[in-house]
Amino acid sequence: MFGSQVSCILLLMRPALRLALVAIGSCAYAGLAVLGWGGFRSFFSHPAFVTLVVVLLALSVAASFAGRNVSAGTREARGNRWVIPVFVIIGFLNAYLPAYTLAGSCGRLTS
């Protein structure tokens, strides 16, 4: 009796959990760009950056409802999992460094 209730709750929780994880990841990614730019006020003083964050969040929400993946259905070899930390590091650098280099060494954008 309890097994079916637990599985029903887990099925209902999956979309909410996926949406929460996507929202946390998107906010962290945008937060790294804000941190690289030099702060919340200076980042959001540019309308282009506000639009960029709005589009990022809208696409993230839309992607969380897609519910599909590009897997061919075959299992990946466990020896290939070394690339996951590498992709995480590249993702962090991709979020932080462009804003940092543009704000720091190249000067601020003029509005």
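The values are calculated or read from the model by the stated rules, or taken from the named source; none is laboratory data. Here the structure is a predicted model, which means the values were calculated and not measured. Please note: Cβ atoms are built from the backbone with ideal geometry, for glycine as well, and neighbour counts cover all protein chains shown.
Data for the structure
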item	result
Sole residue being of a type in the set (F, W, Y) and modelled with pLDDT of 85 or more, chosen from F65, F44	F44
Test: V53 is modelled with pLDDT of 90 or more, touching a helix residue (DSSP H, G or I) at 6+ places or on another chain (Cβ under 7 Å), assigned to a helix (DSSP H, G or I) and of a type in the set (V, I, T)	yes
Those residues of region 31-47 which are in contact (Cβ under 8 Å) with a residue 24 or more places away in the chain, in a helix (DSSP H, G or I) and not polar (S, T, N, Q), in sequence order	L32, A33, V34, L35, G36, W37, F43, P47
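Residue-wise test of (1) surrounded by 14 or more Cβ atoms within 10 Å (Cβ to Cβ); (2) at pLDDT 85 or above.
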{"site": "F2", "(1), (2)": "no, no"}
{"site": "R18", "(1), (2)": "yes, no"}
{"site": "G25", "(1), (2)": "no, yes"}
{"site": "A28", "(1), (2)": "no, yes"}
{"site": "N69", "(1), (2)": "no, no"}
{"site": "V88", "(1), (2)": "no, yes"}
